[in-house]
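This report concerns only the one structure given below.
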Amino acid sequence: MESYTIRSSDGYPISVHEFVPKSPNHKTIVFAPAVAVPQKIYFPLAKYLAAKGCNVFTFDYRGIGDSLSQSIQSLKEHGFLFWAQDFKTVSKHAKEEFPENEQYMIGHSYGGNSVGFSDAYQYYDKYFTVASQFGFYKHFTLKMRILIYLNFKFFVPLTTSLLDYYPSGWFGLGTPLTTKAAKDWAIFLLHPDSMLYFTQKDTSTYYKEIKEPMLLLSIDDDLFAPKKSVDILGERVYKNAKVTRKHLKPSDFNLKTIGHFDFFRTKNRDILWPIIDDWFHLN
């Protein structure tokens, strides 16, 4: 594993980890992280895929994990569309490193549903998303609707106005977020158009241009990405892509739970990760 920094389109330093295979199979995989989730969560799966022969890249969005190189308050105007440029920068870098490789994306939650925020799609031949959803909160369970509404309608505005950032960890939602990222997340969850709201506000979005094969994976006990919300993502957002839907039930794999994160845990290496092998033809 190699660790280094590259510059995003505006010069901001982005932390990248590159996993180098011993026997390359001419396939590149880039991980697109969830909101407030540092790249280290994806290291076990990245190592597994590198052992299969893939050149693998993980990164942190600006303000997250190893890409927090200055005070989070100083980044308060940097939100989802800045993250999109970070993703594009890493995608382009990976393609320039291995221009002859097929290039694939693994997107987790926000990482999978925000591909159209930039023209990064031009670098990809295939997509695999885990728990990526159409975020409007009314597609969630009643309990989650209440929690989302209270948190993002009241606590996000309150904490960001007082602290100049959003302390996500206080609410069990990962690492701290910049003010703009937290407010963008609130729009994503509270607005009926979810991520499509951003396409109305910024014409440089590219969801309609994404036409490659895409597997949308949902998980039965995932409270953050209910099956209905993943279905709608395919129907409303990635409607021009060649979408395949797959829904996992923990009981089908003799598991008690998978939830929003356990797909990436090493304990599920032999149980769930072969789904990726099959999709990207890594066997």
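Nothing in this text is a laboratory measurement; each read-out follows from the coordinates by a stated rule. Quick caveat, the model's predicted, so the values are computed rather than measured. Glycine gets a Cβ as well: all are built from the backbone with ideal geometry, and neighbour counts include every protein chain shown.
Among DSSP beta bridges lying fully in the stretch 158-283, give the percent that are antiparallel, nearest 5.
20
Less than 15 Å Cβ to Cβ from Ala131, Lys/Arg counted +1 and Asp/Glu -1: what total charge do the surrounding residues give?
Net local charge, Ala131 excluded: +1.
Among Pro24, Gly11, Phe87, which residue has its Cα furthest toward the positive end of the charge dipole of the stretch 1-98, with +1 on Lys/Arg Cβ and -1 on Asp/Glu Cβ?
Comparing the listed Cα positions along the dipole, Pro24 ranks first.
With the convex hull built on the Cα atoms of the stretch 132-180, state its orientation-averaged projected area in nm².
It is 3.8 nm².
Quick check for me: using +1 on Lys/Arg Cβ and -1 on Asp/Glu Cβ, what's the dipole size of the stretch 104-182 about its Cα centre, in debye to the nearest 20?
Its charge dipole is roughly 360 debye.
Given +1 on the Cβ of Lys and Arg, -1 on the Cβ of Asp and Glu, and no further charges, what dipole in debye does the chain carry about its Cα centre, rounded to the nearest 20?
680
Which semi-axis lengths, in whole Å and largest first, follow from the square roots of five times the eigenvalues of the Cα gyration tensor of the stretch 177-265?
Output for the stretch 177-265: semi-axes of 26, 18, 10 Å.
Compute the distance from the alpha-carbon center of the stretch 1-56 to that of the stretch 194-254, in whole Å.
Between the Cα centre of the stretch 1-56 and that of the stretch 194-254, the gap is 22 Å.
By average Cβ neighbour count within 10 Å, what is the ranking of 60-67, 11-18 from highest down?
Top of the packing list down: 60-67, 11-18.
Sum up the charges of everything whose Cβ sits under 15 Å from the Cβ of Ser161, counting Lys and Arg as +1 and Asp and Glu as -1, but leave Ser161 out.
Overall, the nearby charge balance is +2.
Compute the relative contact order of the chain as a whole-number percentage, counting only Cα pairs closer than 8 Å that sit 6 or more residues apart in sequence.
Value for the chain: 19 percent.
What percent of all Cα-Cα pairs in the stretch 130-283 falls into each 5 Å bin, going from 0 up to the bin containing the maximum distance?
2, 8, 15, 18, 18, 17, 13, 7, 2, 0, 0
Please report how far the C-alpha centroid of the stretch 79-128 lies from that of the stretch 132-185, rounded to the nearest whole angstrom.
25
How large is the charge dipole for the stretch 1-129, taken about the Cα centre, if only the Cβ atoms of Lys, Arg (+1) and Asp, Glu (-1) carry charge, to the nearest 20 debye?
Result for the stretch 1-129 is approximately 280 debye, rounded to the nearest 20.
For the stretch 1-80, what is the relative contact order in percent, using Cα pairs closer than 8 Å and at least 6 residues apart in sequence?
Answer for the stretch 1-80 is 32 percent.
Using a cut-off of 10 Å between beta-carbons, work out the net charge of the residues near Leu282 (Lys and Arg +1, Asp and Glu -1, Leu282 not included).
0
Considering only DSSP beta bridges with both partners in the chain, what is the antiparallel share in %, to the nearest 5?
Once the DSSP bridges in the chain are tallied, antiparallel ones form about 30 percent.
When we measure straight from the Cα of Lys95, which lysines land under 25 angstrom away, once same-chain ones fewer than 8 places off are left out?
The qualifying lysines are Lys22, Lys27, Lys40, Lys47, Lys52, Lys126, Lys208, Lys211, Lys242.
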